[in-house]
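Just so it is clear, none of the values below were taken in a lab; they were calculated from the coordinates. Computed from a predicted structure; not experimentally measured. Don't worry about glycine lacking a Cβ; one is built from the backbone with ideal geometry, like all the others, and counts go over all protein chains shown.
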Amino acid sequence: MADDLKLEEMVNDLDVIILKYQEDFEPHNIAAILLSRVTLLVTHDPVCGKGLLKFVWEKLDEIEQSNPGQYL
């Protein structure tokens, strides 16, 4: 339970930072910054990182397949 609260706090903190800079940077720049941090973190657990990135890629593909050319 304590871990859940800390995770929720971290997500909220990240949201505050993203919102703080969303007027200064294009969304793709913010996404690139976040992806660079994910890449840094998953270097400690490459198997988890590969699984995470595979999951994200599959979700992006689902979005594109359901609305070709609309979002990606």
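Results, tabulated for the structure shown:
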item: The chain: DSSP helices with Cα axial extent of at least 15 Å and average Kyte-Doolittle hydropathy no lower than 0.5; result: 27-42
item: Cβ-based charge dipole, the stretch 14-72, positive-most Cα from S66, A31, V47; result: V47
item: Spherically averaged projected area in nm², based on the convex hull that wraps the Cα atoms of the chain; result: 6.4
item: Given charges at beta-carbon only (K, R positive; D, E negative), |dipole| of the chain in Debye; result: 280
